[in-house]
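The values are calculated or read from the model by the stated rules, or taken from the named source; none is laboratory data. In this text the structure is predicted, and so the values were computed from the model without any measurement. All Cβ positions, even for glycine, are placed from backbone atoms using ideal geometry, and neighbour counts span all protein chains on display.
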Amino acid sequence: MQGIKNFVFLPCQILKQEKMNINAENVKSQMRKGYLEYCILLIINKKPAYVSDIINELKEAKMIVVEGTLYPLLSRLKNNGILQYEWQESVSGPPRKYYELTETGKSFLAELEAGWEELRDAVEHLKNAEC
């Protein structure tokens, strides 16, 4: 009974103890994966983007992503009608595929932005709540 009493009256202390048993890097990695698609769409929404442009912008934002992760995600977004691409000639090699949002993609991005705002507000509320 004493353990239940402590749990009921000291939830913050118990949560702090549990945090020490969780690998923070794994959790951070899962969080990045969760909002990677949103970040990619934000980049492409600014202007049509080539894969290396997307990777460079993600790197500048401290989100390291390799092409092997990005290509399948872009293909899935294209197959779902969120993105389209256009081939453009390159002065330094073969033509490049530039991705841009479709009208469906713009609507999808607006939904993700609303979801992000809700999530950000919820996290801020929890961070600032007294325990």
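Key figures
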{"item": "Flag for Ile14 being surrounded by 10 or more Cβ atoms within 10 Å (Cβ to Cβ), aliphatic (A, V, I, L, M), assigned to a loop (DSSP other than H, G, I, E, B) and at pLDDT below 90", "result": "no"}
{"item": "Sole exception among (1) modelled with pLDDT of 95 or more; (2) farther than 25 Å from Met31 by Cα for Glu89, by number", "result": "(1)"}
{"item": "Residue within region 56-79 that is part of a strand (DSSP E or B), hydrophobic (A, V, I, L, M, F, W, C) and at pLDDT 95 or above present", "result": "no"}
{"item": "Subset of region 86-118 (residues that are assigned to a strand (DSSP E or B), touching a residue at least 24 places away in the same chain (Cβ under 8 Å) and aromatic (Phe, Trp, Tyr))", "result": "Tyr98, Tyr99"}
{"item": "Contacts under 8 angstrom Cβ, first residue in region 34-53 being under 15 Å from Gly115 (Cβ atoms), partner of a type in the set (Gly, Ala, Ser) and surrounded by 16 or more Cβ atoms within 10 Å (Cβ to Cβ), 6 or more apart", "result": "Leu41/Gly105"}
{"item": "Condition broken by Lys47, with the remaining ones in (1) more than 14 Å from the chain's Cα centre (by Cα); (2) surrounded by 10 or more Cβ atoms within 10 Å (Cβ to Cβ); (3) of a type in the set (Lys, Arg) satisfied", "result": "(2)"}
